[in-house]
Amino acid sequence: MTAAAPLRFITFEGGEGAGKSTQIRHLANSLRAIGAEVVTTREPGGTPGAEQIRALLVEGGAGRWQAETEGLLHFAARAEHLAAIIRPALAAGKWVLCDRFADSTIAYQGYGQGVALDWLWTLRRHVVGDTEPGLTLMLDLPVEAGLARAETEQRYERMGLAFHRRLADGFREIAAAAPERCWLIDAARDITAIATDIRAAVTARYGIAL
Ligand SMILES: Nc1ncnc2c1ncn2[C@@H]1O[C@H](COP(=O)(O)OP(=O)(O)OP(=O)(O)O)[C@@H](O)[C@H]1O
Ligand SMILES: [Mg+2]
């Protein structure tokens, strides 16, 4: 029996300022250049209801929520996003490129804020189900460099260096445990070199030339 083909659902993960939004634009352009239909979206958010939940998460004081509440809010927004945007687009044969997804909740709320990892993985299995990304690009950058690049000064940016170091370690652990799905990308290089690596990862995973 051969493994199911990976979904054309690609997620971009990494800490603040790692270059996720920049690289998603590059990959969307490369896929469109070969005639692919591409939907780009982001989390938390992506639908009107989920964007309202996003505002609860990215605005206000760092201690605004119990960490478990915060994890549930992320998964609540994700359930809306999956149902309204991601699953319909995949069913229509489109590629979906998503700026952050479930790995961010495991990294931020689990490794960063101390929510039990097994509880988060259980929620993930229920909410995400069969819609796990086919490929996850983990943009890995020293925490200080990412925070210096980041353009906003919102709730998560204010959570302190130790928090950001824990979540960077978390992303690396998640990637090491799922080597088929996750590609760790050295994001401390120039934008073009990173985009080239990402095209190579897509070619390797999906067998399409970009
Ligand atoms: N490889 C790179 N080298 C130098 N600067 C970069 C690189 N990639 C992106 N940048 C710049 O760093 C800033 C942050 O990049 P970007 O917004 O893509 O990161 P992000 O991961 O989406 O950040 P956030 O977590 O804040 O959403 C932007 O000004 C962008 O132009
Ligand atoms: Mg961004």
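Confirm whether Trp65 is of a type outside the set (D, E, K, R), free of Cβ contacts under 8 Å to residues at least 24 places away in the same chain and buried (at least 17 other Cβ atoms within 10 Å of the Cβ).
Values: of a type outside the set (D, E, K, R): yes; free of Cβ contacts under 8 Å to residues at least 24 places away in the same chain: yes; buried (at least 17 other Cβ atoms within 10 Å of the Cβ): yes.
Yes.
Do we have any residue at all in segment 135-142 that's at negative phi, free of Cβ contacts under 8 Å to residues at least 40 places away in the same chain and outside any loop (DSSP other than H, G, I, E, B)?
Step one: list which residues in segment 135-142 are at negative phi, which gives 135-142.
With free of Cβ contacts under 8 Å to residues at least 40 places away in the same chain added as a condition, the list becomes none.
No, that holds for no residue.
Are any residues in segment 1-49 free of Cβ contacts under 8 Å to residues at least 40 places away in the same chain and within 16 Å of ligand 2 (Cβ to nearest atom), and if so, which ones?
Passing the criteria: Arg25, Gly45.
Would you mind stating whether Tyr108 is at negative phi and within 16 Å of the chain's Cα centre (by Cα)? Working first, answer last.
Numbers: at negative phi: yes; within 16 Å of the chain's Cα centre (by Cα): yes.
Answer is yes for this residue.
Of all residues in segment 166-202 being among the β-branched types (Val, Ile, Thr) and in a helix (DSSP H, G or I), which is surrounded by the fewest Cβ atoms within 10 Å (Cβ to Cβ)?
At the first step, the residues of segment 166-202 found to be among the β-branched types (Val, Ile, Thr) are 174, 185, 191-192, 194, 196, 198, 202.
Checking the rest, the ones that are also in a helix (DSSP H, G or I) come to 174, 191-192, 194, 196, 198, 202.
Values: Ile174: 23, Ile191: 13, Thr192: 9, Ile194: 22, Thr196: 15, Ile198: 23, Val202: 23.
Per the stated criteria, the residue is Thr192.
Among the numbered criteria (1) in contact (Cβ under 8 Å) with a residue 12 or more places away in the chain; (2) over 16 Å from Leu135 (Cα atoms), which single criterion is violated by Arg199?
All conditions pass for Arg199, except number (2).
Could you list, in sequence order, all residues of segment 83-108 that are crowded, with 20+ Cβ neighbours inside 10 Å, away from ligand 1 (no atom under 16 Å from the Cβ) and more than 13 Å from Val39 (Cα to Cα)?
Ala102, Ile106
Please verify whether Glu153 is more than 16 Å from Lys20 (Cβ to Cβ), modelled with pLDDT under 95 and not in a helix (DSSP H, G or I), treating the condition exactly as stated.
On the way: more than 16 Å from Lys20 (Cβ to Cβ): yes; modelled with pLDDT under 95: yes; not in a helix (DSSP H, G or I): yes.
Yes, satisfied.
Considering only segment 10-54, state which residues are touching a helix residue (DSSP H, G or I) at 6+ places or on another chain (Cβ under 6 Å), within 13 Å of ligand 1 (Cβ to nearest atom) and among the aliphatic types (A, V, I, L, M).
Ala18, Leu27
Identify, from the list Ala18, Ala50, Ala28, Ala55, the residue that is of a type in the set (A, V, I, L, M, F, W, C), out of contact with any Phe, Trp or Tyr (no Cβ under 7 Å at 6 or more places or on another chain) and surrounded by fewer than 17 Cβ atoms within 10 Å (Cβ to Cβ). Talk me through it step by step, then tell me what you get.
Working: Ala18 fails: surrounded by fewer than 17 Cβ atoms within 10 Å (Cβ to Cβ); Ala50 fails: surrounded by fewer than 17 Cβ atoms within 10 Å (Cβ to Cβ); Ala28 fails: surrounded by fewer than 17 Cβ atoms within 10 Å (Cβ to Cβ).
Result of the check over Ala18, Ala50, Ala28, Ala55: Ala55.
Against the definition (of a type in the set (Val, Ile, Thr) and at pLDDT below 95), how does Thr196 come out, yes or no?
Values: of a type in the set (Val, Ile, Thr): yes; at pLDDT below 95: no.
Taking the combined requirement at face value, the residue does not satisfy it.
With the structure loaded, tell me whether Val127 is in contact (Cβ under 8 Å) with a residue 12 or more places away in the chain, more than 16 Å from ligand 1 (Cβ to nearest atom) and in a strand (DSSP E or B) or whether it fails that test.
Numbers: in contact (Cβ under 8 Å) with a residue 12 or more places away in the chain: yes; more than 16 Å from ligand 1 (Cβ to nearest atom): yes; in a strand (DSSP E or B): no.
Taking the combined requirement at face value, the residue does not satisfy it.
The values are calculated or read from the model by the stated rules, or taken from the named source; none is laboratory data. Just so it is clear, the model here is predicted, and its values are computed rather than measured. Heads up, the Cβs are rebuilt from the backbone with ideal geometry, glycines too, and the neighbour counts pull from every protein chain shown.
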